[in-house]
Amino acid sequence: MTTITSATAQLIDVAVETVRTDAKQRFVKQETIVVDLVASDGLTGTGYAYTIGTGGHSVLALLRHSLLPVLVGRDSRDIEALWRLAYDSTRATAVGAITSLALAAIDTALWDLRCLRAGLPLWRAAGGARREVPLYDTEHGWLQLSTEELVAGARAAQGRGWGGTKIKIGRPDIADDVERLRAVREAAGPAFAIMVDANQAFTGAEAVRRAAAFAPLDLFWFEEPLPADDVAGHERLAATTSIPVAVGESIYSIGQFAEYLRRGAASIVQPDVARIGGITPWLKVAHLAEACNVEVCPHFLMELHVSLVAAVPNGRFVEHIPQLRAITRDEMTIADGCAIAPGTPGLGIAWDRDAMEDRRVA
Ligand SMILES: [Mg+2]
């Protein structure tokens, strides 16, 4: 039997390892929402989602009051049906960030159960395209860092054999952004990807202006140039610049990804498995992008995304930002500049239950 007999959730606070500042926000604490689903065959699936500091208690309350109770007594193998059941039970509060995060914590737990039961690692159960995926660094590109620190970070990533580095942009003076990027490009040379990320800071006109100023620097992508709901602005930008436009971390539904792709407003998609509602919708976005000849480079959650990028044929890069080090017992494996998807059955995340209990807040 595979019936869900128990569904519980908890909230854990994890201090971030590095001060992370971009054009719009400061990320100083990670709220981690963890769901445990126990099935009648004795297996426990564990899933999770996160916030960058606010709203975690709301996600937890939605799970405990509305979503987890509907799962008990259901067959854990029916992931599509359970995702839809949970979604429909909260229809008037979806699509939205809080609901998507709650759905993701459930969905990833269900996938953990599925993979444990099948004896398969996630990367293989979800598609099995290849086990090794290229890495790029984000942890040394924050907006508060000096140009010297950006250059040192890029050289360090290059020295480890990683494929690129991401630099936050959105300094008030455009010349400041250009000078910082030029210094990194000159230090790294031509065969190294430099991504830039504005975190939705610009108007449409300003994004076009900045993209023109950046064009000689051979950037790999221009991430979140505009507010995520300005699809027309992204469409205009993509039509006017040679720099690929990357979006996805602030998109909470597969339909909105479809809209971006239909309109040619995204050259690279960056679904975040927590914000899109779990592995089930994440894979749909990746496959939709493949059908549109677009690559997928997910946002954050490297410990889980390594397996998902490895699962799909159009996965391109995993973003290196350690997220779970404080509450897990092992590290993501890296070899020859690539992240290696875990080979153990399940999601491949070795939770440290004692460390989790120490940091539990609700
Ligand atoms: Mg970003």
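Quick notes on this one:
- For segment 28-81, the mean projected area of the C-alpha convex hull, equal to one quarter of the hull surface, is 4.2 nm².
- Taking the convex hull of Cα positions in segment 89-186, its mean projected area over all directions (nm²): 10.3
- Approximate shape of segment 203-323 as ellipsoid semi-axes (Cα gyration tensor, √5λ), whole Å, largest first: 23, 15, 13
- Cα-Cα P(r), segment 123-340, percent of pairs per 10 Å interval: 9, 35, 37, 18, 1
- For the chain, complete DSSP H runs whose alpha carbons reach 24 Å or more along their own long axis and whose mean Kyte-Doolittle score is -0.5 or higher are 97-118.
- For the chain, the relative contact order is 20 percent, taking Cα pairs closer than 8 Å that sit 6 or more residues apart in sequence and dividing their mean separation by the residue count.
- Pairs of Cα atoms nearer than 8 Å and 6+ residues apart set the relative contact order; for segment 218-362 it is 15 percent.
- Solvent-free Debye calculation, one equal scatterer per alpha-carbon of segment 88-143: log10 I(q)/I(0) at 0.18, 0.24, 0.25 Å⁻¹ equals -0.86, -0.90, -0.91.
- For segment 1-112, the relative contact order is 31 percent, taking Cα pairs closer than 8 Å that sit 6 or more residues apart in sequence and dividing their mean separation by the residue count.
- FRET efficiency, 1/(1 + (r/R0)^6) with R0 51 Å, evaluated for Gln144 and Arg84 via beta carbons: 0.75
- Ratio Rg/Rh [Cα only; Rh per Kirkwood] for segment 1-57: 1.19
- Listed peptides 34-41, 335-342 by packing density, highest first (mean Cβ within 10 Å): 34-41, 335-342
- Global geometry of segment 1-144, whether rounded, prolate or oblate, following the gyration tensor of its Cα atoms and the 1.5 cut on a/c: oblate
- Computing FRET efficiency as 1/(1 + (r/R0)^6) for Asp173 and Asp13, where r is the C-beta to C-beta distance and R0 is 30 Å, gives about 0.25.
- Restricting the trypsin sites (Lys or Arg not before Pro) of segment 198-263 to loop positions (DSSP other than H, G, I, E, B) with no more than 16 neighbouring Cβ atoms within 10 Å leaves Arg263.
- Between Val178, Val318, Val269, the residue with the greatest mean-square fluctuation in the GNM of the chain (Cα pairs under 10 Å linked by springs) is Val178.
- Modelled spin labels at Glu206 and Asp354, positioned 7 Å past Cα toward Cβ, are 4.9 nm from each other.
- For the chain, calculated [θ]222 nm from helices alone, where every DSSP H run of n ≥ 4 adds -39500 (n - 2.57): -11000 deg cm²/dmol
- Order of Lys284, Lys168 - criterion: other Cβ atoms within 10 Å of each residue's Cβ, fewest first: Lys284, Lys168
Each reported figure results from applying straightforward, stated rules to the coordinates on display, with no laboratory input. It should be emphasised that the depicted structure is a prediction, and the values quoted were computed from it without experimental measurement. Every residue, glycine as well, gets a Cβ built from its backbone with ideal geometry; the counts of neighbours run over all protein chains shown.
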